[in-house]
1. Could you figure out which of (1) in contact (Cβ under 8 Å) with a residue 24 or more places away in the chain; (2) of a type outside the set (Lys, Arg); (3) surrounded by fewer than 13 Cβ atoms within 10 Å (Cβ to Cβ) isn't true of Ile46?
2. I'd like the residue in the range 1-31 that is hydrophobic (A, V, I, L, M, F, W, C) and exposed (fewer than 10 other Cβ atoms within 10 Å of the Cβ) and, out of all such residues, is farthest from Val68 (Cα to Cα).
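Quick note: the coordinates plus some simple rules give every number you see, no bench work behind them. Values in this document were obtained by computation on a predicted structure and should not be read as measured data. Here the Cβ positions follow ideal geometry from the backbone for every residue, glycine too, while neighbour counts run over all protein chains shown.
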Amino acid sequence: MEIIYALLDVTISKESCHGLVGLVEDAFDAIICQKSEPALRDLAIIFYMPNIESVEMASFQILQMAAVKIKTNR
């Protein structure tokens, strides 16, 4: 990521990932809150994992687009 930011001549902002950090923290909180109820705990996992995966997939797609853009600008 540092290389991509350097090639784009921008600085990394820790503030830009608050949403993802919040999503992951919410997921862990929900799972921990339901630790005594296995069915509810499993439902929390089933709910949050696709959400986190979607963010990961979207990030990967953006990185692929950035790679193409960087490659054509070199």
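1. If we test Ile46 against (1) in contact (Cβ under 8 Å) with a residue 24 or more places away in the chain; (2) of a type outside the set (Lys, Arg); (3) surrounded by fewer than 13 Cβ atoms within 10 Å (Cβ to Cβ), just (1) comes out false.
2. Once the filter is applied, the top-ranked residue is Val10.
Quick grid of which residues meet (1) among the small types (Gly, Ala, Ser); (2) without any contact (Cβ under 8 Å) to a residue 12 or more places away in the chain:
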{"residue": "Ala6", "(1), (2)": "yes, yes"}
{"residue": "Val10", "(1), (2)": "no, yes"}
{"residue": "Leu20", "(1), (2)": "no, no"}
{"residue": "Asp29", "(1), (2)": "no, yes"}
{"residue": "Pro38", "(1), (2)": "no, yes"}
{"residue": "Asn51", "(1), (2)": "no, no"}
